[in-house]
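**Q** Here it is, the structure, as structure tokens.
Bear in mind these aren't lab numbers, they're just calculated from the coordinates by the rules spelled out. What you see is a predicted model, and the numbers here were worked out from it, not measured in a lab. Cβ atoms come from the backbone with ideal geometry, glycine included; neighbour counts cover every protein chain shown.
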Amino acid sequence: MDDRRRGLLIILSSPSGAGKSTLARRLMAWDETLKFSVSATTRAPRAGEVDGEHYHFIDESAFKRLVADGGMLEHAFVFGNFYGSPLAPVQEAIESGRDVLFDIDWQGAQQIQKGPLGSSVLSIFLLPPSIAELKRRLVSRGQDGEEVIAKRMQKSWDEISHWDGYDYVLVNADLDTTEERLKTIVAAERLKASRQPWLLDHVRGLQREFEEGDT
């Protein structure tokens with residue numbers, strides 16, 4: 001039996017504080033063949049950031065050329081800089097049977113779903129168990145001041161309102177439980193007939209056996 005398959009483009013989205021980044025790391029630890037999509041940006045590298053690992057750092061003219069040539073799966077202008085996901089490395093990975101993981105918002109997810117790799121998308125949205133718990137998690141991280149947390153909370157409803165544009169929606173009340181459900185979803189999606197291009201040849205081989213009287 002042949003186990004070749006077409007790779008998945010796995011999108012994880014959630015409001016800030018709902019556990020998206022933590023669960024993305026857990027998925028990567030569960031399956032080391034998962035490739036994390038590295039975004040391109042026009043902003044300057046920060047201290048400790050490595051080109052090609054944290055971001056692909058390119059200038060604005062190069063970024064705009066990629067967009068014009070259809071070389072970006074999704075892109076956005078955020079706080080004075082462009083950010084986007086280059087198409088070529090993702091397409092190469094998927095065609096070779098590797099899954100690519102995206103940690104992006106609903107706007108990026110919509111762009112990818114409507115793009116050239118839309119048929120390979122597996123989209124998952126994470127909801128918090130409550131708004132109060134979402135705020136508690138943001139505060140407990142200790143990374144942001146009150147003003148930043150207030151802005152994140154204000155933006156959270158905009159994110160949550162797009163929950164129905166995803167293939168799967170999970171309420172992340174418990175990280176371990178949500179992690180197991182994510183693994184189940186990914187494992188099942190990998191086994192879909194549409195992901196198994198070798199199945200047609202296999203069925204034709206079975207048909208030949210019947211026609212040749214080998215049963």
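**Q** Compare the peptides 202-209, 182-189 by average per-residue count of other Cβ atoms within 10 angstrom and give them in order, highest first. Walk me through the numbers on the way to the answer.
**A** Values: 202-209: 10.4, 182-189: 15.0.
Result, highest mean first: 182-189, 202-209.
**Q** Can I ask one more? Per residue of the stretch 62-69, what does 6.51 cos²θ - 1.76 cosθ + 1.60 with θ = phi - 60° give for ³J(HN,Hα)? Whole Hz please, x for Gly and Pro, Karplus curve as stated.
**A** Computed from phi, the couplings for the stretch 62-69 are 5, 4, 5, 5, 4, 4, 5, 8 Hz.
**Q** Here's something else I'd like to know. Among 198, 163, which comes first, second and so on when ranked by fewest other beta-carbon atoms within 10 Å?
**A** The most exposed by this proxy come first: 198, 163.
**Q** Name the residue, out of 80, 108, 165, whose mean-square fluctuation peaks in a Gaussian network model built on the chain with Cα pairs under 10 Å.
**A** Sorting by GNM fluctuation, first place goes to 80.
**Q** Also, I was wondering about something else. Taking θ as phi - 60°, what are the ³J(HN,Hα) couplings along the stretch 201-208 by the Karplus curve (6.51, -1.76, 1.60), each to the nearest whole Hz, with x for Gly and Pro?
**A** Here the 3J(HN,Hα) series is 5, 5, 5, 4, x, 5, 4, 4 Hz.
**Q** Pull up all non-local amide H partners of residue 123: gap of 5 or more, or a different chain, and H-to-H distance under 5 Å with H placed in the peptide plane.
**A** The list, which skips near neighbours in sequence, is 11, 167, 168.
**Q** If Lys and Arg each add +1 and Asp and Glu each add -1, what is the summed charge of the other residues whose beta carbon sits under 13 Å from the beta carbon of residue 112?
**A** Working: positive: 114; negative: 74, 103, 105, 167.
Around residue 112, the surrounding residues sum to -3.
**Q** Do the sum for the chain: with -39,500 (n - 2.57) for every DSSP H run of n ≥ 4, divided by all residues, what is the mean residue ellipticity at 222 nm, to the nearest 500 deg cm²/dmol? Let's see the in-between values first.
**A** Working: 8 runs with 92 residues, N = 215.
So the calculated ellipticity at 222 nm is -13000 deg cm²/dmol.
**Q** Turning to a different aspect of this structure: Measuring from centroid to centroid over Cα atoms, what is the spacing of the stretch 10-50 and the stretch 53-69 in Å?
**A** 19 Å
**Q** Whole-Hz Karplus ³J(HN,Hα) for the stretch 148-159, in order, using 6.51 cos²θ - 1.76 cosθ + 1.60 and θ = phi - 60°, x for Gly and Pro?
**A** Taking θ as phi minus 60°, the curve returns 5, 4, 4, 5, 5, 5, 5, 6, 4, 5, 4, 5 Hz for the stretch 148-159.
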